[in-house]
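The values are calculated or read from the model by the stated rules, or taken from the named source; none is laboratory data. Keep in mind that what you see is a predicted model, and the values were worked out from it rather than measured. Quick reminder, even Gly has a Cβ in these numbers, built from the backbone with ideal geometry, and neighbours come from all protein chains shown. Each accessible area value is taken on the protein alone, full model and side chains, heavy atoms only, with ligands, DNA and RNA left out. Shrake-Rupley method; radii C 1.70, N 1.55, O 1.52, S 1.80 Å.
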Amino acid sequence: MTDLNNSSNDGDARRGNDASGHDDWEAFLNDHAGELEDVERSRTAKKFDRHARREEKKTMLTVDDLSDEAFTGAGRGPRDYTSSWLDTDDVLDRHGMGFSAPNPSLKGIRVSKLICAAIGAIGVVGVILAACLPHVAGIVGLIAALCVLVGAGGLIAQHEGRDVIHDDDSDNGARV
């Protein structure tokens, strides 16, 4: 019952002399020569042959045939830069410039904006508190929601927009 599935070679199995199975292949071709000729003459085989010839003509040039300069422009790409942006300390030291930390001026902030921001922050904390304490959620949630609305509304009403012209000498027009 296991004769068909037996993969051991006890000398009973018919094998060709060649290790690659060349003799077996030749025997197969001889046994099925008529059938293979019918397949060769079939419409599908001819169609496949035409398609293979067309595809063979298309691949006249491959990527390996071209030099790297055809793709990169020979030294004009971002990877051709010899220094890294991580070397900024070395570059600054080399040119005699030291690092100066940003020190923004906070003197231009209006008190009304600070008050609206504080009311909005208190409102957010109140909403979180109302979510955590369900027995006081009604009154604390209502007051907190009103604080959020008043704070956000005040900040939106005081927003100057993009049209504001700064007359400061250090303002060069760049926006971050």
Per the rule of 0.36 nm per residue minus the C-alpha distance, extending residue 65 to residue 129 adds in nm 16.1 nm
Sorted on mean Cβ neighbours within 10 Å (highest first), peptides 111-119, 46-54, 141-149 come out as 141-149, 111-119, 46-54
Looking only at lysines whose Cα falls under 24 Å of residue 47's and that sit 8 or more positions away or on another chain, we get 57, 58
Subtracting the Cα-Cα distance of residue 50 and residue 103 from 0.36 nm times their residue separation yields 11.7 nm
In this structure, the FRET efficiency calculated for residue 122 and residue 157 from their beta-carbon separation, with R0 = 25 Å, to the nearest 0.05, is 0.85
For residue 100 the rounded accessible area (nearest 10 Å², probe 1.4 Å, non-protein molecules ignored) is 90 Å²
